[in-house]
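Asker: Dumping the structure here so I can ask a few things about it.
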Amino acid sequence: YRRMKRIFLSITIILGSLFCAQTFAQQDGLRERIARRQAQQNRQSVPQLSVRAANMNESQTQNVENAPWMREIYRFLDMEKEKNASLYYPETPIGDRMNLFTMMFKLLATGDVRAYEYLVDGKEVFTEEYELKFKDMLDRFGIMYTEEGGTFQVHESDIPSNEVLGYYVKEAWYFDKSNSVVDVKTLAICPIVFRQDDFGAETTRYPLFWMPYEEIRPYAARMPIMTSNLNNAANQTIDDFFRKHTFEGEIYKTTNMRNLTLAQI
C-alpha cells in the first residue's frame, strides 16, 4: 500500500510539473502573440502612404524659399479652447480616428517620421545632431513601454494623449508672387504635456519635441476629424484644419535676430 501511495504521489507531481510547464509555455506564447498583434495594430492604425499619395503630397508642397517677403511666427494652441478641440478628441483612438498627438506618437514609434529636440531657448534645429530617439523620449517623460526584439511597444492606454493640452506651432506667412497673394504655411509642430506637481497646486508645461509638418502632412491629409458639434460627420482632415487656419492660437514669438519672445521684447 505504501509503495502504491509513493508511486501515485510521484505520478501526481510529474503530471503537475508538466501541466505547469505547459501553462507557462502557453502564457509566454500568448504574450508573444499579443505583442505581435499590438505592434501590427500600431503600424496599421495610421494610414500608410501609397505611391500616388506620396506624389500628390510632393506636388502640394508650398515652396517659400523664393518668397520676396516672409514672416515666421510662433503660436500657442490651447486644447481647452472650443476651436482647437478637433485636435484633442478623441482622447483614445476610435476605429481609424485618432487625435493629432496619437498620430504623431505612432508615426514616431514606427520610424515613419523623425522628431527633434526642443532646445532650452525654444528653437528648432532639424539636423541629425538634434534628432530625438524614440526610447529617449519614452524614458525622459516616464512613458511605460515594453521592448520586444529591439522595438518598443507602448499600449494605447499609456500614450499620454490626454495630457497633451497644447501645441507650439511655427508658421511662415509669405507673399506668393506667382499668385500675387499672401499665404501661410505650417512649418513645425511641438506637442506640450501639462502635468501637475505632487501637491496638485501648479501645472507645468513640458514641450516634448519639434516635428517638421512636411513629414506628417501626408498622414494628416488622410486622418479624418470632426470639426463641429452640430455636424458629426468627419468630413475634414487634420491637414484641412491647418491649411484653412481653423484653429485659434496666440502669437508668443516671431523670428528675430536675438531670438526673443514678445514678452521679452
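Asker: Among the residues of segment 129-141, are any surrounded by fewer than 17 Cβ atoms within 10 Å (Cβ to Cβ), assigned to a strand (DSSP E or B), touching a Phe, Trp or Tyr at 6+ places or on another chain (Cβ under 7 Å) and modelled with pLDDT of 95 or more?
Answerer: yes
Asker: Residues to consider are Glu214, Glu148; find the one that is closer than 30 Å to Arg71 by Cβ and either within 21 Å of the chain's Cα centre (by Cα) or without any contact (Cβ under 8 Å) to a residue 40 or more places away in the chain (or both). Outline the logic, then answer.
Answerer: Details: Glu148 fails: closer than 30 Å to Arg71 by Cβ.
On inspection, the qualifying residue turns out to be Glu214.
Asker: If Val164 meets every condition in (1) under 24 Å from Glu250 (Cα atoms); (2) open to solvent by 40 Å² or more (accessible area, probe 1.4 Å); (3) not basic (Lys, Arg) apart from one, which number is that one?
Answerer: Every listed condition holds for Val164 apart from (2).
Asker: Here are Leu165, Leu77: which of them is under 23 Å from Val184 (Cα atoms) and at pLDDT 95 or above? Write out each step before concluding.
Answerer: Values: Leu165 fails: under 23 Å from Val184 (Cα atoms).
Being under 23 Å from Val184 (Cα atoms) and at pLDDT 95 or above holds for just one of Leu165, Leu77, which is Leu77.
Asker: Based on this model, can you work out whether Ser157 counts as small (Gly, Ala, Ser), outside any loop (DSSP other than H, G, I, E, B) and open to solvent by 40 Å² or more (accessible area, probe 1.4 Å)?
Answerer: On the way: small (Gly, Ala, Ser): yes; outside any loop (DSSP other than H, G, I, E, B): yes; open to solvent by 40 Å² or more (accessible area, probe 1.4 Å): yes.
It is true that Ser157 is small (Gly, Ala, Ser), outside any loop (DSSP other than H, G, I, E, B) and open to solvent by 40 Å² or more (accessible area, probe 1.4 Å).
Asker: So, one more: Quickly run through segment 142-154 and pick out the residues that are under 20 Å from Tyr206 (Cα atoms) and open to solvent by 50 Å² or more (accessible area, probe 1.4 Å).
Answerer: Gly142, Met144, Tyr145
Asker: Let me ask something else. Restricted to segment 213-229, and to residues that are in contact with a Leu (Cβ under 7 Å, 6 or more places away or on another chain) and under 17 Å from Leu132 (Cβ atoms), which residue is modelled with the lowest pLDDT?
Answerer: Among those that are in contact with a Leu (Cβ under 7 Å, 6 or more places away or on another chain) and under 17 Å from Leu132 (Cβ atoms), it is Ile216.
The values are calculated or read from the model by the stated rules, or taken from the named source; none is laboratory data. The structure displayed is predicted, hence computed values, not measured ones. In this analysis, Cβ positions are derived from the backbone assuming ideal geometry, glycine residues included, and neighbour counts consider all displayed protein chains. Heads up: the accessible areas ignore ligands, DNA and RNA and are worked out on the full protein's heavy atoms, side chains in. Shrake-Rupley method; radii C 1.70, N 1.55, O 1.52, S 1.80 Å.
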